[in-house]
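These notes concern the structure reproduced below.
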Amino acid sequence: MIAVDLRLAVQCALQTVDANRITFADRYPDNTTVDNVYPLRRAQNGFATGDNYGWTTSFWPGILWLAYELTRDDAYRALGEKHVANFVSRVENKIDLDTHDIGFLYTLACVAPWRLTGNEAARQAALQAAEHLMTRYLPAVGVFQAWGMLDDPRLRGNTIIDSLMNMPLLYWASDQTGDPRFAEAAKRHTAQLRDHVVREDNTTYHTYYWDIETGEPLGGKTAQGHADGSCWARGQAWAFYGFTLNYRYTKDETFLQTAQRCADYFLDHLPEDHVVYWDLIFGDGSGEERDSSAAAIAVCGLQEMARWLPEGARRQRYLCAAEAILTSLVSGYAGYHDPTSNALLLHSVYDKPKSIGVDEGCLWGDYFYLEALTRALKPDWQLYW
Ligand code: GLY
């Protein structure tokens with residue numbers, strides 16, 4: 001493994017963040033780059049250019065809060081606080097919140113500033129968001145519906161592996177309010193994913209459907225992976241980071257065991273440079289694209305798992321893998337390799353089947369790359385999730 005200077009990698013990333021502070025300020029980049037450059041979020045469906053809609057806008061303030069922690073520069077904090085105001089308005093006016101991704105949105109945009117600065121408006125907005133997320137809980141099934149309106153017959157009773165990352169908002173809400181409803185629903189949802197979405201061979205479905213009246217499990221499919229029976233790489237990374245976070249808040253050992261099964265499969269399917277292809281069915285020589293964002297999420301998941309595992313060979317394997325993947329991201333995939341780019345991380349895939357964001361930077365890839373660097377440089381970093 002070649003040695004990389006992680007401090008230098010952070011410096012390069014922060015230079016890009018500083019330029020993006022001018023370009024985007026309190027507006028939002030699009031989900032992915034176009035030719036390695038983020039445009040402002042496009043105007044559509046009544047939203048103006050740069051507006052706060054969609055599932056990825058919180059990754060931009062999430063990056064600002066990480067930058068604040070890495071530097072203690074108040075300029076990042078001030079801009080992060082402007083984004084709090086945007087997210088307060090979004091939840092108060094219920095703007096584009098018919099999704100489970102409320103957890104991604106409000107954990108980074110509001111729980112993070114509340115944790116770091118005690119921002120009370122952020123706390124209230126995050127609690128409101130958690131309450132709104134609860135409207136998507138399907139009690140007969142014990143899962144949160146991921147996509148779409150609750151009365152849409154095509155999407156009724158669906159959930160997806162990514163949803164595990166939305167559960168920490170609910171544990172936080174129970175902790176803040178003393179109301180166990182949020183945490184109980186999150187734990188039951190996670191158990192359903194453990195039992196149905198993780199397959200016997202330790203791979204994961206991307207999506208899974210239940211009958212919402214009877215609770216009967218109906219079966220899994222893919223949306224962004226190669227095939228229903230293959231293993232979408234980012235989904236597998238969401239799985240082991242997500243199950244670990246759910247372990248963190250419940251101490252249910254089966255969640256940590258499931259995370260390990262998913263991580264082992266992921267690590268057994270790494271290509272030579274340690275950065276996965278967009279579906280784990282593909283390897284070197286396939287001609288397919290990498291998903292660097294899956295790799296960045298995986299580094300954070302492995303680092304988090306290592307926090308909870310006893311000393312030993314398994315823990316060591318995860319720590320070594322996290323280091324190897326991060327080293328490869330810095331040396332081959334970081335944004336500075338393309339001086340025209342305003343992304344922190346290049347070469348991800350958003351949705352190959354739909355040809356969206358293929359071999360581009362993406363906002364969540366940037367966020368988790370900076371989280372991975374922060375974790376590596378500050379081992380006592382207190383996570384936002
Ligand atoms: N959560 C959506 C994705 O990973 O593409």
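Hey, could you check segment 342-376 for residues that are assigned to a strand (DSSP E or B) and at positive phi and say which is farthest from the ligand (Cβ to nearest atom)?
Result: ASP359.
If you check PRO379, PRO271, PRO310, which single one turns out to be more than 16 Å from the ligand (Cβ to nearest atom) and at pLDDT below 95?
Result: PRO379 is the single residue among PRO379, PRO271, PRO310 that is more than 16 Å from the ligand (Cβ to nearest atom) and at pLDDT below 95.
So which of LEU169, LEU116 is more than 15 Å from the ligand (Cβ to nearest atom), part of a helix (DSSP H, G or I) and closer than 30 Å to GLU69 by Cα?
Result of the check over LEU169, LEU116: LEU116.
Table: residues versus (1) within 16 Å of the ligand (Cβ to nearest atom); (2) touching a Lys or Arg at 6+ places or on another chain (Cβ under 8 Å); (3) of a type in the set (A, V, I, L, M); (4) under 24 Å from LEU319 (Cα atoms).
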{"residue": "GLN236", "(1), (2), (3), (4)": "yes, no, no, yes"}
{"residue": "TYR241", "(1), (2), (3), (4)": "yes, no, no, yes"}
{"residue": "PHE255", "(1), (2), (3), (4)": "no, yes, no, yes"}
{"residue": "VAL275", "(1), (2), (3), (4)": "no, yes, yes, yes"}
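State all residues of segment 194-225 that are out of contact with any Lys or Arg (no Cβ under 7 Å at 6 or more places or on another chain), more than 27 Å from PHE282 (Cα to Cα) and of a type outside the set (D, E, K, R); if no residue qualifies, say none.
Passing the criteria: TRP210, THR214, GLY215, PRO217, LEU218.
Residue by residue, here is whether (1) modelled with pLDDT under 95; (2) β-branched (Val, Ile, Thr); (3) more than 26 Å from VAL198 (Cα to Cα); (4) touching a strand residue (DSSP E or B) at 6+ places or on another chain (Cβ under 7 Å) holds:
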| site | (1), (2), (3), (4) |
| --- | --- |
| THR254 | no, yes, no, no |
| VAL275 | no, yes, no, yes |
| ASP279 | no, no, no, yes |
| GLN303 | no, no, no, no |
| CYS320 | no, no, no, no |
| HIS347 | no, no, yes, yes |
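Can you name the number of the only condition in (1) crowded, with 17+ Cβ neighbours inside 10 Å; (2) farther than 21 Å from THR207 by Cα; (3) among the aliphatic types (A, V, I, L, M) that VAL276 fails?
Answer for VAL276: the failing condition is (2).
Take residues that are touching a residue at least 40 places away in the same chain (Cβ under 8 Å) and closer than 28 Å to ALA185 by Cβ and tell me which of the helices (runs of 4 or more DSSP H) falling wholly in segment 249-341 contain 3 or more.
253-268, 292-308
The values are calculated or read from the model by the stated rules, or taken from the named source; none is laboratory data. Every value quoted in this text rests on a predicted model; they were computed, and no experiment measured them. Every residue, glycine among them, receives a Cβ derived from its backbone with ideal geometry; neighbour counts consider all protein chains shown.
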